[in-house]
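Please read the structure below before turning to the comments.
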Amino acid sequence: MSKNEEIIALVDTLKNFAPGKPLKHYITHATFPRFKNIESGTRVDFEFPLTALVGANGIGKSSLLHALWGMPYGHSTSKFWFSTDLDPIEDSNRDPQRYFYGYWHEGFGGVVETRKARIGKKQDYWEPYRWSKSDGMAPMPEGDFEGKAKDRWNPVRRKVVYINFRALFGSFDRYFYFDDDLGGGNKRDVMLRAARRLKTVKDEPLAKSALRGEFFAARGKGGGGGRPFLA
């Protein structure tokens, strides 16, 4: 079986997965009545076990990820988004920043919706918030179920893993792909020049290298702080 055939077979297998079978605690959708710069009322459905967010900068991809991080029990969106004196979050107790989402509830045997809002006396505290018809939430069902209060469902309980590769890139990738203001010209030419200078330092004994003093002076100014040596 070729690699393409293996991928097709895996996709076909995943297509048969459904919330609850075997996707326990599966988050099915997210809706944003008021959240950051996402258009009010935006709904995102997660119809497949793997979702890729693709789009231009500034359309809300990271905002969606930060909301997803904060949805489960014990997690808070304030890990990534919080108010400061320079960049305050605009909201109020009457109209807080908020989102709600649906997830598969085994005891209920279906999808329930819970809402989290930035509300309360503690700054940047996101707490489960009461059911809201005006936000477009599904009605609360009758009966007693685990995790169901009088006016809300408790957050889903599940493990969250958040990996931001922008924070893990090596110095080469940071410079080559992100540091557009460095180098004073074509990055390739800058790196070629820097490579020649560094090779001289590497190949010659430091005591004989004419670049020795310049090299260590640059390191003392931060030249070794995670970016290529470009002095």
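Just so it is clear, none of the values below were taken in a lab; they were calculated from the coordinates. Every value quoted in this text rests on a predicted model; they were computed, and no experiment measured them. Virtual Cβ from ideal backbone geometry, glycine too; neighbours counted across all protein chains shown.
Within region 109-149, the set of residues being in contact with a Pro (Cβ under 7 Å, 6 or more places away or on another chain) and in a loop (DSSP other than H, G, I, E, B) comprises I119, D135. Scanning region 16-47 for residues that are exposed (fewer than 15 other Cβ atoms within 10 Å of the Cβ) and either aromatic (F, W, Y) or outside any strand (DSSP E or B) (or both) yields N16, F17, K24, N37, E39, S40, G41, E47.
Within region 116-127, identify whether any single residue is within 21 Å of K36 (Cβ to Cβ) and surrounded by fewer than 11 Cβ atoms within 10 Å (Cβ to Cβ), and answer yes or no. Yes, some residue in region 116-127 is within 21 Å of K36 (Cβ to Cβ) and surrounded by fewer than 11 Cβ atoms within 10 Å (Cβ to Cβ).
Among the residues making up region 61-90, those that are closer than 11 Å to D124 by Cα and in contact with a Ser or Thr (Cβ under 9 Å, 6 or more places away or on another chain) are F80, W81, I89. Listed by first and then second residue, the pairs with beta-carbon distance under 7 Å, at least 6 apart or on different chains, first residue in region 52-76 and assigned to a loop (DSSP other than H, G, I, E, B), second loosely packed, with under 13 Cβ neighbours inside 10 Å and of a type outside the set (K, R), are G60/N37; P72/V160; H75/V160. When region 48-66 is filtered for residues that are surrounded by fewer than 11 Cβ atoms within 10 Å (Cβ to Cβ) and among the small types (G, A, S), the ones remaining, listed by number, are A52, G55, A56, G58.
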